[in-house]
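Read through the structure below, which is laid out as C-alpha cells, and then see the notes.
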Amino acid sequence: MNHLINLTQLSSDFPLIQPLQRGETVLWLNEKRDPSYVRTEIMMKDVLEAEARLRRFSSYFIVAFPETTVLNGLIESDIREIAEMKALIEGRRAIEIPGRLLLKCDHALPVAGSIKARGGIYEVLKHAESLAMEHGYLTEKDDYALLFSDKMREFFSHYKVAVGSTGNLGLSIGIISAKLGFEVTVHMSADAKEWKKEHLRSLGVEVKEYKADYSMAVEQGRKEAEADPMCHFVDDENSKDLFLGYAVAALRVKEQLIALNVKVDGDHPLFVYIPCGVGGAPGGVAYGLQQVFGEHVHIFFGEPVQSPCMMLGMMTGLHDKISVTDIGLTNETEADGLAVARPSKFVGSIMETIVSGCYTVDDSFLCRSLKAMFELENIFMEPSAHAGVFGPIQLVSEGAEYVKKHQLTEKMDNAAHLVWSTGGNMVPEAVRQAYLQTEK
Ligand SMILES: *Cc1c(COP(=O)(O)O)cnc(C)c1O
C-alpha cells in the first residue's frame, strides 16, 4: 500500500474511482484536452527525423527481413474496414455505431507482429546507427544494407541492449538486436507468455524471468544496465525514441486514410481507440495523430478493468505516483500486454492535452471479441489488442456528453472509427487455438 495516498479523499475528489474499484467498465473524459496547446517536450520535427531514419534503414530491412520487400523495407500495416464485426456488435448490443468501423492492423506488422515493431525497433536502429557512425562505419549517404554483414555483426557484438517487458516489447527488441548482432537481455515480468520467452531464447537472447510484475522487471533491467557502460537500456517508462518510433505511424495513417477515401476535417471526425499498457505505444501514436489531424481526431485509450493505470494516473494527476493496487485492483488480466499497474509519467503528462479519454474493458469482452474477429473477419489478434474494439461501444453507450460538448452530434454519420489493433501475428498456432476455444 502507498501511504501517501488518502483513498477516502481521492474517491471523493474523483467519483469514478468507486466504479473502478468494483471492476466496472467506465469511461473517463479528459477535461484538459486542448488541441491548440503546443507541446515542447517533443516536436513534430523529431517525428519527421524518425521517419527519415526509418527510410534510411529500408535497404537494411529488405536484406535482413525479406518479408519487408513488398513494403519497400518499411514496417507498416494496412487499414481494413471491419463491417461484419460492426454488424455483430450493433446486433448484440442493440446500438448503432454511426459512420465506418476500421481496423489498423498492427497485429500484422512484419518482423515482430505487434505495435512494438514501431517504437522498439526504431530505438535499436537509432542506437545502432549512432554507434556505427561514431566508429566511422556508416554515413547517412551510405546504403544501410552494409549493416547486414559479418563485419558489422562482429562490431555490434561488443555492445549490449537490455529491456524490461511484459512480452511484446522484449520480442521486438530481441529480434532486431539479435539480427544486428548485439548481445541482448530481456527482463520479463511474470505475465509474459511462455512462447514469447521461448522464441527469444531460440534467437540466442538471454531471458531473465521475474515473479513480479512489469514495473519490477523494468526496474531490475534498468539497474543492471546502468552498471554496464556498454549496455543500452530501452526504457519503456521514459524513452523519447520509443515514443517517436510509434508517432511515425500517424504520418502513414494520413496517407492510408486518403487512399481509403476517409476524410478527416471539421465535418468528418476521426475517433481512434488504442489499447494502453504503460502508455508508450498509444502515447506515441496519439501524439503523431494529434499533430497530423489536430482537433479533428478524438483519441481514447482502452485498459483492462483490473489495470486502468493510465486512467488513474491522468485522472488524479498523480501519474506514476499511484498504482492500480492502491485502489485495491489486482493488475491481473488475460491481456498480458496491458498488465501494467503504474503508468509512464513521461507519457501521461504529454497526453494531458491530447487524449479525449480512457475507458476500461473486461476480460470476458476481450475473449468474445477475439473469437468473433477471427470467425467473422478472419483476423487473429491477441487479447490485449481487443481492448481497442470496446472503444466505439463505450463512446456510443457512455460518451453522449463528449459528442455533444464537441458539437459532433450532427456529424456522427460522417465519422470514422479507427480501432488500433496491437498484436497477434506471432502467436503460435497452438496458443491461438487455446484462445479460440476457451469458454468465458
Ligand atoms: C505493448 C502493447 C500494448 C500497449 O502498449 P504500451 O506502450 O505498453 O502502452 C498494447 N497491446 C499490445 C499487444 C502490446 O504488445
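Summary of values
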quantity	calculated
Contacts under 6 angstrom Cβ, first residue in segment 134-160 being touching a residue at least 60 places away in the same chain (Cβ under 8 Å), partner in a loop (DSSP other than H, G, I, E, B) and open to solvent by 50 Å² or more (accessible area, probe 1.4 Å), 6 or more apart	Tyr159/Met230; Lys160/Met230
Unmet criterion (only one of (1) in contact with a Gly (Cβ under 7 Å, 6 or more places away or on another chain); (2) open to solvent by less than 20 Å² (accessible area, probe 1.4 Å)) for Leu27	(2)
Candidate set from segment 215-230 (those that are open to solvent by less than 40 Å² (accessible area, probe 1.4 Å) and within 17 Å of Leu169 (Cα to Cα)); member that is farthest from the chain's Cα centre (by Cα)	Ala225
Residue in segment 82-100 that is in contact with a Leu (Cβ under 7 Å, 6 or more places away or on another chain), open to solvent by 60 Å² or more (accessible area, probe 1.4 Å), in contact (Cβ under 8 Å) with a residue 24 or more places away in the chain and not aromatic (Phe, Trp, Tyr) present	yes
Condition met for Val70 (in a helix (DSSP H, G or I) and touching a residue at least 24 places away in the same chain (Cβ under 8 Å))	no
Residues located in segment 386-428, provided they are assigned to a helix (DSSP H, G or I), within 16 Å of the ligand (Cβ to nearest atom) and of a type in the set (Gly, Ala, Ser)	Ala387, Gly391
Close pairs (7 angstrom Cβ cut-off, 6 or more residues apart or separate chains): in contact (Cβ under 8 Å) with a residue 24 or more places away in the chain in segment 266-279, within 16 Å of the ligand (Cβ to nearest atom) and among the polar types (S, T, N, Q) anywhere	Pro275/Ser384; Pro275/Thr422; Gly277/Thr166; Val278/Ser344; Gly279/Ser344
Residue match in segment 154-163 (condition: within 16 Å of the ligand (Cβ to nearest atom), open to solvent by less than 10 Å² (accessible area, probe 1.4 Å) and either within 26 Å of Leu408 (Cβ to Cβ) or touching a strand residue (DSSP E or B) at 6+ places or on another chain (Cβ under 7 Å) (or both))	yes
Among (1) free of Cβ contacts under 8 Å to residues at least 12 places away in the same chain; (2) surrounded by 15 or more Cβ atoms within 10 Å (Cβ to Cβ); (3) among the hydroxyl-bearing types (Ser, Thr, Tyr), the one test that Thr409 misses	(2)
Given (1) touching a Leu at 6+ places or on another chain (Cβ under 7 Å); (2) farther than 13 Å from Ile176 by Cβ, number of the condition Glu123 does not satisfy	(2)
Residue in segment 274-290 that is surrounded by fewer than 24 Cβ atoms within 10 Å (Cβ to Cβ) and polar (S, T, N, Q) present	no
Output for segment 234-264, where each listed residue is in contact (Cβ under 8 Å) with a residue 40 or more places away in the chain and among the basic types (Lys, Arg)	Lys240, Arg252, Lys263
Ser172 being farther than 17 Å from Val111 by Cα and either assigned by TED's automatic domain parsing to the domain that holds Met426 or under 19 Å from the mean Cα position of the chain (by Cα) (or both)	no
Positions within segment 233-254 being within 18 Å of Ala112 (Cβ to Cβ) and of a type outside the set (A, V, I, L, M), in sequence order	Asp236, Ser239, Asp241, Phe243, Gly245, Tyr246, Arg252
Matching strands (runs of 3 or more DSSP E) fully within segment 223-332 where at least 1 residues are hydrophobic (A, V, I, L, M, F, W, C), assigned by TED's automatic domain parsing to the domain that holds Gly423 and more than 16 Å from the ligand (Cβ to nearest atom)	270-275, 297-304
Qualifying positions in segment 68-81 - β-branched (Val, Ile, Thr) and open to solvent by less than 60 Å² (accessible area, probe 1.4 Å)	Thr68, Ile75, Ile79
Arg201 being more than 30 Å from Leu270 (Cα to Cα), in a helix (DSSP H, G or I) and of a type in the set (Lys, Arg)	yes
Some residue of segment 111-134 being touching a strand residue (DSSP E or B) at 6+ places or on another chain (Cβ under 7 Å), within 16 Å of the ligand (Cβ to nearest atom) and either open to solvent by 20 Å² or more (accessible area, probe 1.4 Å) or at positive phi (or both)	yes
Residue under evaluation Ile173, criteria (1) farther than 28 Å from Lys254 by Cβ; (2) not in a loop (DSSP other than H, G, I, E, B), criterion not met	(1)
Out of Ala212, Ala249, Ala190, sole residue that is crowded, with 24+ Cβ neighbours inside 10 Å and under 22 Å from the mean Cα position of the chain (by Cα)	Ala249
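This table checks each residue for (1) surrounded by fewer than 24 Cβ atoms within 10 Å (Cβ to Cβ); (2) among the polar types (S, T, N, Q); (3) over 18 Å from the mean Cα position of the chain (by Cα); (4) modelled with pLDDT of 95 or more.
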site	(1), (2), (3), (4)
Ser344	no, yes, no, yes
Thr360	no, yes, no, yes
Met373	no, no, yes, yes
Asn378	yes, yes, yes, yes
Met381	no, no, no, yes
Val389	no, no, no, yes
Gln394	yes, yes, yes, yes
Glu398	yes, no, yes, yes
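The values are calculated or read from the model by the stated rules, or taken from the named source; none is laboratory data. These figures come from a predicted structure and were not determined experimentally. All Cβ positions, even for glycine, are placed from backbone atoms using ideal geometry, and neighbour counts span all protein chains on display. With ligands, DNA and RNA removed, areas are computed over all heavy atoms of the protein, side chains included. Shrake-Rupley method; radii C 1.70, N 1.55, O 1.52, S 1.80 Å.
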